[in-house]
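Take a look at the structure below.
Only the coordinates and a few stated rules stand behind these numbers; no lab work does. On a predicted model such as this, the values are computed, not experimentally measured, just so you know. Using ideal geometry, Cβ is built from the backbone for each residue, glycine included, and neighbour counts are taken over all protein chains shown.
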Amino acid sequence: MSERKPLYESPGEMGKRGFEDLDCYQLALEVMAKVHAFSKTLPADEKFDLYPQIRRCSKNVTGNIGEAYGRYHYLDSLHYYSIARGELLETLARLIDARVLNYINQPEFESLYKLIRQAEQSLNGFMAYIRRQRAGSQEYGDKKIHEDQANYEIYPSDEDLDTNEDGSIAEDSN
């Protein structure tokens with residue numbers, strides 16, 4: 001495999017930057033850029049269908065990798081990395097749609113397909129690394145952190161209430 005030049009290089013100090021240095025992020029960024037370039041070639045009747053869908057899911061991959069990297073507990077991070085992987089595979093599904101509809105030629109499709117699979121493999125490898133590290137488990141254990149479920153009370157809307165002439169709520173006469 002040839003060494004590729006990253007699309008983005010962080011201005012931060014080497015070794016102290018963050019998610020933008022991850023191989024899985026760099027590959028996802030490349031997928032996003034190539035998908036966006038391809039999307040500009042879609043026919044006009046896809047402007048409100050395939051065009052925004054494929055662009056959005058390709059961007060969500062990089063966004064979820066960034067969000068996952070910012071989470072402290074490893075289970076919380078893995079949740080967002082899993083979402084990123086799902087978005088990556090949704091991007092592939094949209095490309096398959098485009099191929100079936102003859103919006104993309106076979107060589108271009110195969111190139112993107114290989115890049116997406118490479119990004120998926122890299123993301124899976126990084127997720128395995130995160131599982132082994134178990135960051136945050138010393139402090140919080142191995143249970144996923146979540147907020148307690150909120151209790152909501154349901155009241156009738158104003159239209160459903162019987163009101164007096166002064167606007168006060170009438171007592172039930174039953």
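For region 19-140, a simple Cβ point-charge model (Lys and Arg +1, Asp and Glu -1, everything else neutral) yields a dipole of about 120 debye relative to the Cα centre. Quick one: Debye curve from the C-alpha atoms of region 19-140, no solvent, what's log10 I(q)/I(0) at q = 0.11, 0.13, 0.16, 0.21 Å⁻¹? For region 19-140 at q = 0.11, 0.13, 0.16, 0.21 Å⁻¹, log10 I(q)/I(0) is -0.38, -0.51, -0.71, -1.07.
Counting neighbouring Cβ atoms within 10 Å and putting the fewest first, the residues MET14, MET127 line up as MET14, MET127.
Round to the nearest 0.05 the FRET efficiency obtained for HIS36 and ASN124 when R0 = 25 Å and r is the Cβ-Cβ distance. That gives a FRET efficiency of 0.55. Sorting ILE154, ILE83, ILE116, ILE96 by the number of Cβ atoms found within 10 Å of their own Cβ, with the fewest placed first, yields ILE154, ILE96, ILE83, ILE116.
Taking 8 Å as the Cα distance limit and 6 or more residues as the minimum spacing, I'd like the relative contact order of region 19-140 as a percentage.
34 percent
Counted residue by residue at 0.36 nm each, then reduced by the alpha carbon distance between them, the extension gain from SER111 to ILE96 reaches 4.2 nm. Annotation for region 14-115: GluC sites (Glu not before Pro) lying in DSSP loop with at most 10 further Cβ atoms inside 10 Å of their Cβ do not exist. One decimal place: the segment ASP148-SER82 gains 21.5 nm when fully extended, by the rule 0.36 nm per residue minus the C-alpha distance. The protection proxy used here, the mean number of other Cβ atoms lying within 10 Å of each residue, ranks peptides 58-66, 4-12 as follows, highest first: 58-66, 4-12. The chymotrypsin sites (Phe, Trp or Tyr not before Pro) found in region 56-85 that occupy coil by DSSP, while having at most 14 further C-beta atoms within 10 Å, are TYR72. Go ahead and collect, in residue order, the members of region 102-135 whose backbone nitrogen is under 19 Å from a label point 7 Å along the Cα-Cβ direction of ASP45. Of the residues in region 102-135, 102-105 have backbone N under 19 Å from the label point off ASP45.
Once you have the Cα-Cα distance between LEU89 and LYS5, take 0.36 nm times their residue separation minus that, and quote the gain in nm to one decimal.
27.9 nm
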